[in-house]
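Novice: Questions regarding the structure given below will be posed in turn.
What follows draws every value from the coordinates through simple rules; no lab data is involved. Every value quoted in this text rests on a predicted model; they were computed, and no experiment measured them. Neighbour counts run over all protein chains shown; Cβ positions are idealised from the backbone, glycine included.
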Amino acid sequence: MKIRTLLCAALLALSPAAQANSPQPITLKLLREGVLVSGTLKLARSDELLGVWSSSGRARLMRCEPRCKVVPSLAVPGLLTLGPDARARVVLGGTFKVGQRVGLVFRLKNSQILSVQAVVTR
């Protein structure tokens with residue numbers, strides 16, 4: 001657990017003022033055994049999402065067309081919409097509480113790292 005926290009801290013420290021440009025704030029929707037990332041990320045150009053991390057570990061990236069399946073990466077055509085009704089979903093396992101603030105680190109293929117603060121909601 002300590003190693004994960006150190007990894008996230010190191011990734012955040014390495015990111016050169018990399019705050020995600022999000023038109024809609026990123027939230028975490030509480031599930032039974034974790035949270036679902038919900039919101040929109042806007043990137044300057046097309047890219048590929050390789051992973052998402054928090055202090056609780058690595059998130060699962062899923063493509064849902066029509067059924068959801070775990071994938072190693074997600075294509076980002078400039079605007080990535082995540083949520084319960086979106087084709088792309090990101091799910092973090094663990095125990096979370098409503099109102100909790102969670103730091104998320106998004107790693108993109110072009111070596112860019114985006115950091116986002118999200119709040120857990122119902």
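Novice: By how many nm would the segment from residue 44 to residue 67 grow when fully extended, if each residue of separation counts as 0.36 nm and the alpha-carbon distance is taken off?
Specialist: That works out to 5.4 nm of additional length.
Novice: For a bin width of 10 Å, list the pair-distance distribution of the stretch 51-108 built from all Cα-Cα distances, rounded to whole %.
Specialist: 21, 53, 25, 1
Novice: Within the stretch 88-103, name every residue whose backbone N is under 11 Å away from a label modeled 7 Å from Cα of residue 60 along the Cβ vector.
Specialist: Hits in the stretch 88-103 for residue 60 at 11 Å: 90-94.
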